[in-house]
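K.L.:
For reference, the structure I am asking about is given below.
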Amino acid sequence: MKTVVLAGGGHTHLEVLRRLTAERDTQVKWILVSASRYHYYSGMFSGFAEGLYTLEEIRIDLKKICENKKIDFIEETLQSFDPAKREVVLSSGERLSYDRLSLDIGSHTAPDQIEGLAERQVQIKPAHLFPERIEACRKAKELVIIGGGAAAVEMAFSFHQWKQQNGRKYDRVTVIASGNLVDKKTDSVVEALFTHKGIRYVKNDGAVKVADRYVTTESGAEILFNEVIFLGGAQAPALLKKSGLPVDEKGFIKVNACLQTTDDSQVFAAGDCAALITRPQLPKSGVYAVRQGEVLHHNLIASLKREGMQDYTPQRRALILLSTGGKQALMLYGKWRQFGSWAWLWKNYIDRGYMKKYQ
Ligand SMILES: Cc1cc2nc3c(=O)[nH]c(=O)nc-3n(C[C@H](O)[C@H](O)[C@H](O)COP(=O)(O)OP(=O)(O)OC[C@H]3O[C@@H](n4cnc5c(N)ncnc54)[C@H](O)[C@@H]3O)c2cc1C
């Protein structure tokens with residue numbers, strides 16, 4: 001009997017689970033180790049923060065899927081793994097041996113570079129922490145979001161909208177960003193929307209320190225906060241580097257086009273936690289993580305059978321539908337930028353379709 005351990009119930013493993021049929025090889029035991037029994041779909045995080053979706057609408061019950069597919073489900077956190085012994089250690093101390101290990105444990109939002117942030121921020125990643133941490137941000141009189149990427153911008157719009165509609169019009173949402181908002185072509189559109197809605201934007205200024213009540217920026221400005229969230233880019237889980245397998249400069253585990261780690265063909269990785277050596281600049285985004293599922297499913301099975309593997313080739317550009325609050329959205333595709341209610345309806349249709357596929 002061979003054992004495949006899937007660590008983490010992220011976007012890629014969810015697709016692997018969907019593709020595993022009940023009539024599969026009985027000589028292979030599949031185990032899912034997940035920190036939570038639920039997978040939370042990040043495409044709907046902003047809508048949930050805004051109050052447009054319920055908790056049940058944004059999450060998928062992994063345990064139920066595993067029961068239906070006769071896959072062992074262990075609700076625990078992966079603490080470490082030892083490629084030499086082919087063993088994983090769980091939070092309970094339990095050890096599991098594997099023939100193939102696949103990592104899809106996502107990323108974190110706690111950078112060490114900003115002094116005082118780790119102790120004070122509302123940490124909304126790993127993904128299962130998201131729902132319970134939202135309430136503090138909704139109720140914060142001064143909510144500060146550090147970061148200017150798609151996730152930061154979307155969450156700023158969502159919290160602002162929630163406050164407008166729930167009797168908290170005098171609360172303030174502030175975005176601190178050292179670079180462009182989303183990207184160079186989108187920056188001015190988002191800035192105009194921030195101004196129109198009354199979201200404060202601290203521009204071209206990075207956060208350097210977080211103390212009890214203030215975030216200090218590079219320029220020396222002190223920004224008052226009651227709650228602060230860092231959404232300035234994905235951070236690597238420490239256990240990847242500790243395994244001794246090669247990681248990139250940020251600590252994400254290096255994989256080849258087959259999603260196999262570069263030094264150990266028995267260990268696979270996908271989604272945010274993986275650094276694809278063939279496309280080192282690939283954004284950490286759910287869109288790519290989902291697409292890796294088909295290749296990962298094929299390659300895990302092919303690797304056990306010693307058959308040919310497939311390469312994962314990311315799409316050249318991805319469609320981004322960025323919710324701007326109040327059921328409106330901004331569509332970004334290549335050089336195209338379009339804004340309107342239709343873009344939100346499109347996003348809602350895609351996101352609900354995604355959930356329907358798995359629920
Ligand atoms: C606020 C926000 C909004 C976003 N919105 C979008 C969006 O609209 N569209 C988009 O494409 N991307 C979006 N992203 C990015 C997106 O969330 C990630 O790129 C995506 O989740 C990556 O998927 P994944 O499969 O790598 O990991 P995840 O989906 O994050 O899943 C990892 C899973 O592993 C679990 N886990 C973590 N550590 C362990 C461990 N040690 N042991 C066991 N389990 C563990 C976690 O609980 C989680 O369930 C957003 C990110 C944020 C922060």
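K.L.:
Please find, among Ser303, Ser323, the residue that is part of a helix (DSSP H, G or I), surrounded by 13 or more Cβ atoms within 10 Å (Cβ to Cβ), touching a strand residue (DSSP E or B) at 6+ places or on another chain (Cβ under 8 Å) and of a type in the set (S, T, N, Q). Even if it seems obvious, please write down each step before you answer.
P.N.:
Working: Ser323 fails: part of a helix (DSSP H, G or I).
The match here is Ser303.
K.L.:
Give the number of residues within segment 167-194 that are over 22 Å from the mean Cα position of the chain (by Cα), among the charged types (D, E, K, R) and within 16 Å of Phe339 (Cα to Cα).
P.N.:
3
K.L.:
Suppose we filter Ile114, Ile74, Ile31 for residues that are modelled with pLDDT of 90 or more, over 18 Å from the mean Cα position of the chain (by Cα) and away from the ligand (no atom under 14 Å from the Cβ); which single one remains?
P.N.:
Numbers: Ile74 fails: away from the ligand (no atom under 14 Å from the Cβ); Ile31 fails: away from the ligand (no atom under 14 Å from the Cβ).
That would be Ile114, the only listed residue that is modelled with pLDDT of 90 or more, over 18 Å from the mean Cα position of the chain (by Cα) and away from the ligand (no atom under 14 Å from the Cβ).
K.L.:
Just checking, which of Gly47, Gly93, Gly116, Gly51 is out of contact with any Cys (no Cβ under 8 Å at 6 or more places or on another chain) and within 21 Å of Gln235 (Cβ to Cβ)? Steps first, answer last, please.
P.N.:
Working: Gly47 fails: within 21 Å of Gln235 (Cβ to Cβ); Gly93 fails: within 21 Å of Gln235 (Cβ to Cβ); Gly51 fails: within 21 Å of Gln235 (Cβ to Cβ).
Exactly one residue qualifies, and that residue is Gly116.
K.L.:
Could you give every pair whose Cβ atoms fall below 7 Å, whose first residue belongs to segment 5-29 and is in the same structural domain as Glu75 (by TED's automatic domain parsing), and whose second residue is buried (at least 16 other Cβ atoms within 10 Å of the Cβ) and among the basic types (Lys, Arg), counting only separations of at least 6 or pairs across chains?
P.N.:
Leu17/Lys69; Leu20/Lys69; Ala22/Lys69
K.L.:
Another question, if that's okay. Would a scan of segment 59-67 turn up a residue that is in contact with a helix residue (DSSP H, G or I) (Cβ under 6 Å, 6 or more places away or on another chain), more than 8 Å from the ligand (Cβ to nearest atom) and assigned to a helix (DSSP H, G or I)? Outline the logic, then answer.
P.N.:
Taking segment 59-67 as the starting set, the residues that turn out to be in contact with a helix residue (DSSP H, G or I) (Cβ under 6 Å, 6 or more places away or on another chain) are 60, 65.
Going one step further and asking which of them are more than 8 Å from the ligand (Cβ to nearest atom), we end up with 60, 65.
Filter once more, keeping what is assigned to a helix (DSSP H, G or I): 65.
Within segment 59-67, one or more residues are in contact with a helix residue (DSSP H, G or I) (Cβ under 6 Å, 6 or more places away or on another chain), more than 8 Å from the ligand (Cβ to nearest atom) and assigned to a helix (DSSP H, G or I).
K.L.:
Answer yes or no as to whether Gln315 is among the polar types (S, T, N, Q), outside any helix (DSSP H, G or I) and within 15 Å of the ligand (Cβ to nearest atom). So that I can check it myself, show each step before the final result.
P.N.:
Working: among the polar types (S, T, N, Q): yes; outside any helix (DSSP H, G or I): yes; within 15 Å of the ligand (Cβ to nearest atom): yes.
Taking the combined requirement at face value, the residue satisfies it.
K.L.:
Could I ask something else about it? Quick check on this structure: which one of Leu239, Leu231, Leu224 is within 13 Å of Ile146 (Cα to Cα), touching a residue at least 60 places away in the same chain (Cβ under 8 Å), crowded, with 17+ Cβ neighbours inside 10 Å and of a type outside the set (Asp, Glu)? Reasoning before the result, please.
P.N.:
Numbers: Leu239 fails: within 13 Å of Ile146 (Cα to Cα); Leu224 fails: crowded, with 17+ Cβ neighbours inside 10 Å.
Testing whether each residue is within 13 Å of Ile146 (Cα to Cα), touching a residue at least 60 places away in the same chain (Cβ under 8 Å), crowded, with 17+ Cβ neighbours inside 10 Å and of a type outside the set (Asp, Glu) leaves just Leu231.
K.L.:
Also, quick follow-up: Only one of these conditions is not met by Gly251: (1) more than 27 Å from Ala152 (Cα to Cα); (2) within 16 Å of the ligand (Cβ to nearest atom). Which number is it?
P.N.:
It is condition (1) that Gly251 fails.
K.L.:
Go through segment 79-104 and count every residue that is on the phi > 0 side of the Ramachandran plot and either of a type in the set (Lys, Arg) or in a strand (DSSP E or B) (or both). Before the answer, list the steps.
P.N.:
First pass over segment 79-104, keeping only residues on the phi > 0 side of the Ramachandran plot: 86, 93.
Remaining after also requiring either of a type in the set (Lys, Arg) or in a strand (DSSP E or B) (or both): 86.
The number of residues fulfilling the criteria is 1.
K.L.:
Condition check: assigned by TED's automatic domain parsing to the domain that holds Trp162 and out of contact with any strand residue (DSSP E or B) (no Cβ under 8 Å at 6 or more places or on another chain). Does Lys197 satisfy that? Even if it seems obvious, please write down each step before you answer.
P.N.:
Details: assigned by TED's automatic domain parsing to the domain that holds Trp162: yes; out of contact with any strand residue (DSSP E or B) (no Cβ under 8 Å at 6 or more places or on another chain): no.
The answer is no for Lys197.
K.L.:
Still on this structure, please answer the following. Filter segment 38-52 down to the residues that are more than 7 Å from the ligand (Cβ to nearest atom) and either among the acidic types (Asp, Glu) or touching a Leu at 6+ places or on another chain (Cβ under 6 Å) (or both) and list them by number.
P.N.:
Passing the criteria: only Glu50.
K.L.:
Would you check if there is a residue in segment 154-173 being surrounded by fewer than 20 Cβ atoms within 10 Å (Cβ to Cβ), touching a His at 6+ places or on another chain (Cβ under 7 Å) and closer than 21 Å to Ser46 by Cβ?
P.N.:
There is no residue in segment 154-173 that is surrounded by fewer than 20 Cβ atoms within 10 Å (Cβ to Cβ), touching a His at 6+ places or on another chain (Cβ under 7 Å) and closer than 21 Å to Ser46 by Cβ.
K.L.:
Does Ile134 count as within 15 Å of the ligand (Cβ to nearest atom), aliphatic (A, V, I, L, M) and touching a Pro at 6+ places or on another chain (Cβ under 7 Å)? Explain how you work it out, then say what you get.
P.N.:
Details: within 15 Å of the ligand (Cβ to nearest atom): yes; aliphatic (A, V, I, L, M): yes; touching a Pro at 6+ places or on another chain (Cβ under 7 Å): no.
No, not satisfied.
K.L.:
Residues to consider are Phe157, Phe73; find the one that is of a type outside the set (Lys, Arg), under 30 Å from Ala7 (Cα atoms) and not assigned by TED's automatic domain parsing to the domain that holds Ala343. Please lay out each step first, then the result.
P.N.:
Working: Phe157 fails: under 30 Å from Ala7 (Cα atoms).
Result: Phe73 is the single residue among Phe157, Phe73 that is of a type outside the set (Lys, Arg), under 30 Å from Ala7 (Cα atoms) and not assigned by TED's automatic domain parsing to the domain that holds Ala343.
K.L.:
Next question, about the same structure. Filter segment 277-300 down to the residues that are farther than 30 Å from Gln164 by Cβ, part of a helix (DSSP H, G or I) and out of contact with any Cys (no Cβ under 7 Å at 6 or more places or on another chain) and list them by number.
P.N.:
Passing the criteria: Tyr288, Ala289, Val290, Arg291, Gln292, Gly293, Glu294, Val295, Leu296, His297, His298, Leu300.
The values are calculated or read from the model by the stated rules, or taken from the named source; none is laboratory data. The shown structure was predicted, so the numbers you read here are calculated from the model rather than taken from an experiment. Note: ideal-geometry Cβ built from the backbone for every residue, glycine included; neighbour counts use all protein chains shown.
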